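Novice: Pasting a structure here, questions to come.
The values are calculated or read from the model by the stated rules, or taken from the named source; none is laboratory data. Computed from a prediction, not measured in an experiment: that's the story for all the values here. Cβ placement follows ideal geometry from the backbone for every residue including glycine, while neighbour counts extend to all protein chains displayed.
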Amino acid sequence: MDTHDSKATQLTRAQAYELSEDVPTNRSTQPTIGDVINARLGRRDMMRGALAVSAMAAIGGAATMGTSRHAYAQAGSSFDFEELTAGVDADHHVASGYTANVLIRWGDPVVPGAPDFDPAAQTADAQELQFGYNNDYLGYLPLPAGGNSADHGLLVVNHEYTNEELMFPGLGRQDRDAEFAGMTAELVGVEMAAHGLSVVEVTRDDSGNWTYNPASTYNRRISPRSTEITLSGPVAGNPRVQTSADPSGTTVIGTINNCAGGLTPWGTVLTAEENFHGYFMGEAAEDSPEFRNHERYGVPGGWYAWGRYEDRFDVGREPNEPNRFGWMVEVNPYDPNSTPIKRTAMGRAKHEGAGLVVNGDGHVVAYMGDDQRFDYIYKFVSNGTFDPSAGTDNGALLDDGTLYVARFNEDGTVDWLPLVFGQGPLTEANGFTSQADVLIETRIAADLLGATPMDRPEDIDVHPTNGRIYAMLTNNTRRDANDLNAANPRPENAGGHIIEIVERDSDYTATQSDWSILVLAGDPGAPEVGAMWNDATTENGWFIAPDNCAIDGQGRLWVTTDGNNYEASGRTDGVWSMETDGDLRGTGKLFYRVPVGAEMCGPMFTPDDTSLFVAVQHPADGGDEWPGFGRTSVYEDPSTRWPDFDDNMPPRPSVVVITRDGGGPIASS
Ligand code: FEO
Ligand code: CA
Ligand code: CA
């Protein structure tokens with residue numbers, strides 16, 4: 001197939017994604033707009049807007065931004081900390097007065113009996129017992145279950161993907177153009193075992209230090225090599241999810257490319273299957289009933305060699321296997337023997353994550369982004385209602401409900417369009433014979449409904465009471481002037497933006513909501529970027545590529561990024577606080593930054609806001625574009641050996657826990 005990732009040679013996985021072809025969407029049907037865009041910016045009269053920023057740049061640019069720093073401490077700020085200086089080096093950094101410690105690293109023992117980490121001689125069986133690669137989503141669940149402990153809990157960790165050039169000695173970057181020449185069956189086994197999830201028990205001692213317990217019976221690895229996962233909801237058992245290995249269409253081995261996720265109100269975790277297409281190779285016949293489906297989801301992506309050794313990842317052999325991925329997967333970390341469940345009623349997409357909330361009337365609502373250029377934002381509303389006494393049985397709520405996709409209107413409203421078989425265009429005339437078909441081909445159904453194509457919808461987080469929802473949009477350099485819409489107003493959007501959705505009367509089940517843009521990310525000192533920040537934002541406080549987010553116990557928004565770099569921002573990824581109210585609305589402030597080449601994932605606070613867990617993903621990946629790091633970053637010569645700085649140890653994706661020196665809630669006085 002020449003429509004996917006045809007130029008992967010010597011590219012990092014992220015660069016391959018950037019170059020990959022788009023899949024067809026309905027974007028050409030969207031209205032073009034002009035002045036309306038500007039009307040949507042600064043809608044709450046709380047932003048000065050792009051024009052003000054540009055004018056400011058004209059009279060002094062970044063220097064002006066910098067001198068506003070002392071004005072920063074002005075009354076009205078929700079965040080009390082001294083801003084960190086943006087930049088890049090081999091280490092991570094946190095704001096003064098805080099400590100950032102590594103809690104667990106790739107290769108550390110998770111399941112009792114795990115061997116010591118030996119990166120020069122890694123095996124699949126060892127990796128399956130050890131902490132996986134590229135930690136992404138982090139879920140903290142208090143122990144005991146149902147409690148509120150902020151110093152004892154379970155940490156659930158997604159392992160999104162692998163970087164073979166940084167994991168294995170003597171390999172370099174592998175790609176399909178060179179037929180993954182170095183990828184043996186054993187190395188593919190290590191890669192597979194390094195995917196999935198980890199669950200570890202974590203404790204904070206009296207002096208405030210967090211550790212994980214390698215002997216805990218809660219500890220667990222979930223991997224695409226071995227873990228059985230149940231398909232539930234309308235798609236379970238459907239002929240389109242039946243395969244040679246699973247003729248019943250009910251049990252999938254594993255979950256892949258688990259990106260972000262979300263906590264449920266009943267003490268489980270939803271983990272999101274994102275770029276599942278990348279794991280498939282081979283060719284499905286053009287007359288295959290799955291051809292249009294594969295095309296829309298970019299299957300096969302050809303990012304990995306797995307299909308050479310596992311028939312199910314070769315779509316020529318198992319054309320239905322891709323239909324068993326792309327789901328939201330529920331995991332109960334309190335029961336290490338529980339079988340995870342793929343909740344198909346929530347739709348099939350390149351799911352970034354899920355922001356869940358219990359509506360006032362008990363319906364459970366989940367907001368979800370489909371992370372691809374020109375794809376959509378969804379919400380799921382359960383038919384049943386949450387029963388606090390039912391425990392994990394509440395998970396069945398996620399099997400029965402209505403999935404909606406968002407259409408952002410120019411007048412500042414959002415319509416949530418139901419994806420229901422038999423309604424509107426979702427009929428046999430358009431290739432759907434059941435709700436299962438609508439869910440398997442969620443994207444195609446959403447195209448037909450006229451959803452708004454977005455600039456890579458990522459994490460969405462929900463304020464638990466005030467009706468506000470924050471959606472991160474990472475970037476979309478493919479959007480041109482003819483593709484603009486009110487909610488995605490910039491061509492060649494390299495900076496990304498953040499949209500605020502407000503559910504009227506805090507009714508999260510509503511089918512119409514209101515929206516506005518919180519920030520247009522990018523360099524406020526470069527007028528051509530068209531960034532929009534509150535002008536209290538300093539030269540360290542702006543960023544590009546908002547990706548994951550968290551709302552802390554005080555209702556404050558925190559943003560982490562994926563894509564800051566030398567050329568566009570001169571800074572690494574990190575954690576920024578983000579004002580959402582008052583005169584400072586739209587002000588960013590840098591709190592933590594990662595080592596060269598890394599991406600910032602997984603922000604998760606303890607219930608009392610005294611600890612912030614973050615995931616440092618792929619340190620040393622693609623660090624070669626930075627001055628001073630000018631080389632292809634590989635196992636033998638990485639751009640950083642964070643966190644160990646040991647010449648015999650490669651860089652290691654790690655979970656970091658941030659606490660305030662002397663204790664107390666983060667960024668609070
Ligand atoms: Fe895995 Fe959309 O980031
Ligand atoms: Ca993400
Ligand atoms: Ca990410």
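Novice: Check the range 426-444 and report whether any residue there is more than 16 Å from ligand 2 (Cβ to nearest atom), at pLDDT below 95 and over 17 Å from residue 516 (Cα atoms).
Specialist: Taking every residue of the range 426-444 in turn, none turns out to be more than 16 Å from ligand 2 (Cβ to nearest atom), at pLDDT below 95 and over 17 Å from residue 516 (Cα atoms).
Novice: Conditions first: (1) among the hydroxyl-bearing types (Ser, Thr, Tyr); (2) surrounded by fewer than 18 Cβ atoms within 10 Å (Cβ to Cβ); (3) over 24 Å from residue 641 (Cβ atoms). Residue 232 passes all but one, so which condition is the exception?
Specialist: The single condition residue 232 does not satisfy is (2).
Novice: Against the condition of a type in the set (Val, Ile, Thr) and under 30 Å from residue 267 (Cβ atoms), how does residue 123 come out, does it pass?
Specialist: No: the conditions fail for residue 123.
Novice: Now for a different question. Tell me which of these residue 173 doesn't satisfy, since it passes every other one: (1) modelled with pLDDT under 95; (2) surrounded by 24 or more Cβ atoms within 10 Å (Cβ to Cβ); (3) not acidic (Asp, Glu).
Specialist: It is condition (2) that residue 173 fails.
Novice: Okay, moving on. Please go through the range 397-433 and pick out each residue that is part of a loop (DSSP other than H, G, I, E, B) and either of a type in the set (A, V, I, L, M) or at positive phi (or both).
Specialist: Answer for the range 397-433, where residues must be part of a loop (DSSP other than H, G, I, E, B) and either of a type in the set (A, V, I, L, M) or at positive phi (or both): 412, 419, 420, 422, 424, 426, 431.
Novice: What strands (runs of 3 or more DSSP E), lying completely within the range 141-247, carry at least 1 residues that are farther than 22 Å from residue 340 by Cβ and touching a residue at least 60 places away in the same chain (Cβ under 8 Å)?
Specialist: 196-204, 210-212
Novice: If you scan the range 452-466, which residues turn out to be β-branched (Val, Ile, Thr) and either more than 16 Å from ligand 2 (Cβ to nearest atom) or over 16 Å from residue 519 (Cβ atoms) (or both)?
Specialist: 452, 462, 465
Novice: Select, from 362, 384, 424, the only residue that is under 30 Å from residue 220 (Cβ atoms), surrounded by fewer than 24 Cβ atoms within 10 Å (Cβ to Cβ) and either out of contact with any Asp or Glu (no Cβ under 9 Å at 6 or more places or on another chain) or not hydrophobic (A, V, I, L, M, F, W, C) (or both).
Specialist: 384
Novice: Further question on the same structure: Being within 16 Å of ligand 1 (Cβ to nearest atom) and in contact with a helix residue (DSSP H, G or I) (Cβ under 9 Å, 6 or more places away or on another chain) is the filter here, so list the residues in the range 271-296 that pass it.
Specialist: Passing the criteria: 275, 276, 277, 278, 279.
Novice: Quick check on my filter: what residues within the range 152-166 are of a type in the set (D, E, K, R) and either farther than 16 Å from residue 189 by Cβ or modelled with pLDDT under 95 (or both)? Let's see the steps before the verdict.
Specialist: Of the residues in the range 152-166, the ones of a type in the set (D, E, K, R) are 160, 164-165.
Answer for the range 152-166, where residues must be of a type in the set (D, E, K, R) and either farther than 16 Å from residue 189 by Cβ or modelled with pLDDT under 95 (or both): 160, 165.
Novice: Suppose we filter 182, 189 for residues that are farther than 16 Å from residue 111 by Cβ and surrounded by fewer than 18 Cβ atoms within 10 Å (Cβ to Cβ); which single one remains? Show your work before the answer.
Specialist: Working: 189 fails: surrounded by fewer than 18 Cβ atoms within 10 Å (Cβ to Cβ).
None of the others qualify; the one that does is 182.
Novice: Could you look through the range 455-478, keep only residues that are assigned to a loop (DSSP other than H, G, I, E, B) and surrounded by 24 or more Cβ atoms within 10 Å (Cβ to Cβ), and pick out the one that is farthest from the chain's Cα centre (by Cα)? It would help to see each step written out before you state the result.
Specialist: As a first pass, look at the range 455-478 and keep what is assigned to a loop (DSSP other than H, G, I, E, B): 456, 463-467, 474-475, 477-478.
Filter again for surrounded by 24 or more Cβ atoms within 10 Å (Cβ to Cβ), leaving 456, 474-475.
On the way: 456: 10, 474: 10, 475: 13 Å.
This residue is 475.
Novice: What number goes with the only condition from (1) farther than 20 Å from residue 597 by Cα; (2) β-branched (Val, Ile, Thr); (3) away from ligand 2 (no atom under 16 Å from the Cβ) that residue 157 does not pass?
Specialist: (3)
Novice: I want to confirm something. Restricting to the range 605-652 and keeping residues that are among the aliphatic types (A, V, I, L, M) and in contact with a Ser or Thr (Cβ under 9 Å, 6 or more places away or on another chain), which single residue is nearest to residue 136 (Cα to Cα)? Walk me through how you get there before you give the answer.
Specialist: Let us first name the residues in the range 605-652 that are among the aliphatic types (A, V, I, L, M), namely 612, 614-616, 620, 634, 649.
Applying the additional criterion that residues be in contact with a Ser or Thr (Cβ under 9 Å, 6 or more places away or on another chain) yields 612, 614-616, 620.
Working: 612: 14, 614: 8, 615: 6, 616: 8, 620: 16 Å.
Residue satisfying both the conditions and the ranking: 615.
Novice: Here is a further query. With a cut-off of at least 3 residues that are over 25 Å from residue 156 (Cβ atoms) and within 16 Å of ligand 1 (Cβ to nearest atom), name the strands (runs of 3 or more DSSP E) lying wholly within the range 297-396.
Specialist: Fully inside the range 297-396 and qualifying: 373-375.
Novice: With respect to residue 232, determine if the residue is under 18 Å from residue 319 (Cβ atoms) and either more than 16 Å from ligand 1 (Cβ to nearest atom) or at pLDDT 95 or above (or both).
Specialist: On the way: under 18 Å from residue 319 (Cβ atoms): no; either more than 16 Å from ligand 1 (Cβ to nearest atom) or at pLDDT 95 or above (or both): yes.
Against the criterion (under 18 Å from residue 319 (Cβ atoms) and either more than 16 Å from ligand 1 (Cβ to nearest atom) or at pLDDT 95 or above (or both)), residue 232 does not qualify.
Rundown of residues vs (1) under 19 Å from residue 88 (Cα atoms); (2) within 16 Å of ligand 3 (Cβ to nearest atom); (3) free of Cβ contacts under 8 Å to residues at least 12 places away in the same chain, yes/no style:
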{"position": "588", "(1), (2), (3)": "yes, no, no"}
{"position": "610", "(1), (2), (3)": "no, no, no"}
{"position": "613", "(1), (2), (3)": "no, yes, no"}
{"position": "617", "(1), (2), (3)": "yes, yes, no"}
{"position": "646", "(1), (2), (3)": "no, no, yes"}
{"position": "660", "(1), (2), (3)": "no, no, no"}
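Novice: I need the full set of residues from the range 489-512 which are of a type in the set (Val, Ile, Thr), outside any loop (DSSP other than H, G, I, E, B) and either surrounded by fewer than 20 Cβ atoms within 10 Å (Cβ to Cβ) or free of Cβ contacts under 8 Å to residues at least 12 places away in the same chain (or both), in order please.
Specialist: If we filter the range 489-512 for residues that are of a type in the set (Val, Ile, Thr), which is where we start, we get 498-499, 501-502, 509, 511.
Filter once more, so that each one left must be outside any loop (DSSP other than H, G, I, E, B): 498-499, 501-502.
Residue satisfying the conditions is 502 alone.
Novice: Does residue 481 fit the bill of being buried (at least 24 other Cβ atoms within 10 Å of the Cβ) and more than 16 Å from ligand 1 (Cβ to nearest atom)?
Specialist: When the stated conditions are applied, residue 481 does not pass them.
Novice: On the basis of being surrounded by fewer than 23 Cβ atoms within 10 Å (Cβ to Cβ), modelled with pLDDT of 95 or more and within 16 Å of ligand 2 (Cβ to nearest atom), does residue 563 make the cut?
Specialist: So residue 563 passes the test.
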